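Here the structure comes first, spelled out in structure tokens, and everything after it is commentary.
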Amino acid sequence: MRQLFCRNARLPHSGMYQLQSRGISISARSFKLTEQVSEQPPENTHGQLVKVNSSSDTKLESVLEILQTSIIQKNKNSLFIWTTPTTRLNSNYEDSIYPGHTFSSVTDEQGKTVCFISKRPNTTTVLGEHQRVPDTRFKNQSGKTRLFTPRFSTIHEELEQWYKRSVAVQEYPLFVHIIPFHDKLGLDVETYKSNVNYLLGSQEPYTLFSFLHPSGNRYIRAANCNSATEQSIFGLNSTSVQDLSCQDAAMKIVMRLIKSKYSYITAAEYLGLTKEIEPSTIPEDLYYASFTC
């Protein structure tokens with residue numbers, strides 16, 4: 001297969017960089033992990049936000065090869081948070097939400113993906129239906145949400161899913177956060193693997209939306225791609241992004257990891273990650289049961 005980019009090309013860890021050839025473009029901007037001055041090389045002290053766009057005349061095999069050689073393999077011993085954006089679909093016939101997707105992976109010292117998780121619904125198996133939490137973002141959608149058995153897809157499947165969407169509509173990017181494992185961040189490969197193994201083993205049902213508890217006294221948090229990504233990084237008790245758009249969830253996760261917020265937000269705004277974010281309106285206290293005596 002012919003290379004579109006030089007195999008030795010590496011996305012830099014400072015400033016802005018762009019690669020473009022034959023219908024695919026990769027833009028990257030770095031951000032500091034901490035505010036502390038360090039003598040370590042930039043690849044250990046900076047994360048990257050990468051934006052990938054593909055056009056209809058680009059072959060899937062070429063796109064996958066570019067992502068593998070220019071992004072994954074070149075960033076060793078790192079956490080990857082992959083995001084396709086949640087977008088609003090407006091037309092004369094409907095006003096709805098395209099949900100997007102978020103998933104995570106890690107590489108080892110050789111740049112090989114050694115662990116990965118992406119949670120989707122197995123739509124052939126419906127486990128139940130509940131009253132969806134009221135949310136003004138989804139006022140035109142059904143008031144019900146279904147529970148499905150979970151399906152954990154492969155990284156190849158997810159990248160192919162994004163590719164199909166990107167060639168069907170104008171400007172549907174793939175965003176990738178790349179964060180090297182850093183002792184100041186409290187993150188390592190083994191902890192990530194342990195969290196992922198637990199998530200895979202638990203088989204918690206998938207639900208896109210949070211829903212009303214059958215007793216009616218509190219809300220049950222959604223168990224979707226956002227929550228699985230968050231829990232793969234911070235552990236099973238971490239529940240704060242399940243009701244956010246995918247790009248909003250990714251940003252919240254990254255800002256919780258890093259210590260330098262300004263350079264990151266600047267990068268996110270520059271590359272358009274903040275575009276179309278609609279904040280959740282669900283009050284946090286409604287997730288907790290009210291006790292009476």
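Of the residues making up the stretch 264-281, those that are assigned to a loop (DSSP other than H, G, I, E, B) and either crowded, with 18+ Cβ neighbours inside 10 Å or of a type in the set (Gly, Ala, Ser) (or both) are GLY272, LEU273, SER280.
Selection of strands (runs of 3 or more DSSP E) fully inside the stretch 119-222 by the criterion of at least 2 residues being aromatic (Phe, Trp, Tyr) returns 144-152.
Applying the criterion of being polar (S, T, N, Q) and surrounded by 14 or more Cβ atoms within 10 Å (Cβ to Cβ) to the residues of the stretch 195-224, the residue that is nearest to GLN131 (Cα to Cα) is SER210. Does ASN75 fit the bill of being part of a loop (DSSP other than H, G, I, E, B) and either surrounded by 16 or more Cβ atoms within 10 Å (Cβ to Cβ) or modelled with pLDDT of 95 or more (or both)? Spelling it out, ASN75 is indeed part of a loop (DSSP other than H, G, I, E, B) and either surrounded by 16 or more Cβ atoms within 10 Å (Cβ to Cβ) or modelled with pLDDT of 95 or more (or both). Cβ separations smaller than 6 Å between residues 6+ apart or across chains give the following pairs from the stretch 116-129 residues that are farther than 11 Å from VAL196 by Cβ to residues that are part of a strand (DSSP E or B) and of a type in the set (S, T, N, Q): ASN122/THR149; THR125/THR149. When ARG151, ARG88 are checked against the criterion of being of a type in the set (Lys, Arg) and surrounded by 13 or more Cβ atoms within 10 Å (Cβ to Cβ), a single residue qualifies: ARG151. Pairing each residue of the stretch 138-160 that is free of Cβ contacts under 8 Å to residues at least 40 places away in the same chain with any residue that is surrounded by 13 or more Cβ atoms within 10 Å (Cβ to Cβ) and among the acidic types (Asp, Glu), provided the two are 6+ apart or on different chains, yields C-beta distances under 6 Å for LYS144/GLU129.
A search for C-beta distances below 9 Å between a residue of the stretch 192-205 that is at positive phi and any residue that is modelled with pLDDT of 95 or more, counting only pairs 6+ apart in sequence or on different chains, returns GLN203/THR149; GLN203/PRO150.
One line per residue, one yes/no per condition, for (1) under 18 Å from HIS156 (Cα atoms); (2) of a type outside the set (A, V, I, L, M, F, W, C):
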residue: LEU49; (1), (2): no, no
residue: ASN53; (1), (2): yes, yes
residue: THR58; (1), (2): yes, yes
residue: LEU67; (1), (2): yes, no
residue: ILE71; (1), (2): yes, no
residue: LEU79; (1), (2): yes, no
residue: THR87; (1), (2): no, yes
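Let's see how each residue does on (1) over 23 Å from GLN68 (Cβ atoms); (2) within 20 Å of the chain's Cα centre (by Cα); (3) acidic (Asp, Glu):
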site	(1), (2), (3)
TRP162	no, yes, no
GLN170	yes, no, no
LEU174	no, yes, no
VAL189	no, yes, no
ASN197	yes, yes, no
TYR206	yes, yes, no
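The values are calculated or read from the model by the stated rules, or taken from the named source; none is laboratory data. None of these values were measured; they are calculated from a predicted model. Cβ atoms come from the backbone with ideal geometry, glycine included; neighbour counts cover every protein chain shown.
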